[in-house]
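*Asks:* The structure that follows is given in the form of structure tokens.
Taken together, the values in this text are just the output of simple stated rules run on the coordinates, not laboratory data. All figures in this text were calculated on a predicted structure; none of them were measured in a lab. We place every Cβ from the backbone using ideal geometry, glycine too, and count neighbours over all the protein chains shown.
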Amino acid sequence: MLRTINFMGVRNVAFAMTMLLTVLALGSWYYKGLNWGLDFTGGTLIELTYEKPADLNQVRTQLEKAGYEDAVVQSFGASTDVLVRMPGDDPQLGNRIAAALLLADASNPAEVKRAEFVGPQVGEELRDQGGIGMLLALGGVMLYLAFRFQWKFAVGAIASLVHDVIMTMGFLSLFQITFDLTVLAAVLAMIGYSLNDTIVVFDRVRENFRVLRKASLIENVNISTTQTLLRTVATSLSTLLAILALLMFGGDSLYGFSIALFVGVLAGTYSSIYIANVTLIWLSLSSEDLMPPAVVEDADERP
């Protein structure tokens with residue numbers, strides 16, 4: 001039988017550490033802000049076609065030497081197709097970039113297939129819609145848990161998810177990692193992962209209220225977390241290994257997505273133990289909270 005680990009014995013230390021990291025994350029978010037990508041700020045998108053397969057690292061180096069340091073270079077379809085995104089709304093920017101690349105390597109010339117400008121208004125709409133989507137996701141989670149479990153579980157899950165989002169966004173802000181649509185997708189995916197982890201623990205806590213009738217809430221939480229620990233570790237490790245492979249071999253186009261998901265999974269694993277569970281203790285969850293409401297029958301007043 002697995003020995004029960006006293007997770008809640010260090011909950012005050014964990015809370016102090018959580019508050020410190022939260023303040024650092026919010027401080028970085030406030031003073032440094034997010035490094036918004038071209039999906040949100042606007043810029044020029046240029047599609048190039050090479051005669052031979054293109055080396056993306058070499059293309060980036062050539063553009064940096066030509067003075068285009070903010071260019072984002074990605075593979076697009078075939079190995080000879082390259083997508084370049086960079087700030088600016090000059091209609092001749094695509095031709096100038098093609099000329100600079102031709103000057104750097106005349107043996108593999110590039111031809112401009114299309115050049116489009118995405119205005120900042122479109123980026124602002126995407127940013128607003130992404131924020132609304134995140135708030136709707138959190139609201140839907142709260143309603144689902146309130147109906148499936150009880151409102152105290154919903155508060156614990158939302159506190160856990162808010163912590164995960166703050167930690168992830170703070171990390172991205174601190175290291176100025178480009179925040180584009182792929183990173184936004186990673187944040188939304190992280191919310192789903194963290195919620196699944198939290199629900200597994202909550203489900204065991206609810207079951208143990210019926211099994212461990214004489215156990216206190218803290219004992220219940222410790223036993224429930226210990227019982228789900230192997231599942232949590234196995235799931236988190238396998239997910240992190242897959243993300244690590246993406247981080248190492250996915251290239252620059254998936255770097256932001258991978259790093260955001262990596263940080264989010266770590267934060268989600270931690271918060272399912274020391275944020276969601278601790279919230280249940282603060283709210284004094286009891287077996288009475290999980291009992292169905294009594295049905296009051298109308299008295300028969302007939303003689």
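*Asks:* Whole-Hz ³J(HN,Hα) for each residue in region 240-256, computed from phi via Karplus 6.51 cos²θ - 1.76 cosθ + 1.60 with θ = phi - 60°, x for glycine and proline: what do you get?
*Replies:* Calculated HN-Hα couplings, in order: 5, 5, 5, 5, 4, 5, 4, 5, 7, 10, x, x, 5, 5, 10, 5, x Hz.
*Asks:* Shifting gears a bit: Could you size up the charge dipole of the chain around its Cα centre, putting +1 on the beta carbon of Lys and Arg and -1 on that of Asp and Glu, and report it in debye to the nearest 20?
*Replies:* Dipole about the Cα centre, nearest 20: 1180 debye.
*Asks:* Magnitude of the Cβ-charge dipole of region 43-118, K/R +1 and D/E -1, about the Cα centre, nearest 20 debye?
*Replies:* 80 debye
*Asks:* Ok, one more. Before rounding to the nearest 500, sum -39500 (n - 2.57) across all DSSP H runs of length at least 4 in the chain and divide by the residue total; then give [θ] at 222 nm in deg cm²/dmol.
*Replies:* -21000 deg cm²/dmol
*Asks:* Still on this structure: Report the number of Lys pairs in the chain whose alpha-carbons are under 27 Å apart, with separation of 8 or more residues or on distinct chains.
*Replies:* Eligible lysine pairs with Cα atoms under 27 Å apart amount to 4.
*Asks:* Suppose we flag GluC sites (Glu not before Pro) only when DSSP calls them loop and at most 16 other Cβ atoms lie within 10 Å. Which is the longest uninterrupted stretch of the chain?
*Replies:* Segment 70-296 is the longest.
*Asks:* Separate question: Could you list which residues have their amide H under 5 Å from that of V72, counting only those 5 or more apart in sequence or on another chain, with H placed in the peptide plane?
*Replies:* Residues meeting the criterion, in which the H sits 1.01 Å from N, are R85, M86.
*Asks:* Also, I was wondering about something else. Take the alpha carbon gyration tensor of the chain, find the square roots of its eigenvalues, order them as a ≥ b ≥ c, and report rounded if a/c is under 1.5; if not, report prolate when a/b exceeds b/c, else oblate.
*Replies:* Cα axes put the chain in the prolate bin.
*Asks:* HN-Hα J couplings of region 257-272 from phi, Karplus 6.51/-1.76/1.60, θ = phi - 60°, integer Hz, Gly and Pro as x?
*Replies:* 4, 5, 5, 5, 5, 4, 5, x, 5, 4, 5, x, 5, 5, 5, 5
*Asks:* Hey, another quick one. Kindly write out, for region 227-233 in residue order, the coupling ³J(HN,Hα) from the Karplus curve 6.51 cos²θ - 1.76 cosθ + 1.60 (θ = phi - 60°), rounded to whole Hz, with x marking Gly and Pro.
*Replies:* My calculation for region 227-233 gives 5, 9, 5, 4, 5, 5, 5 Hz in order.
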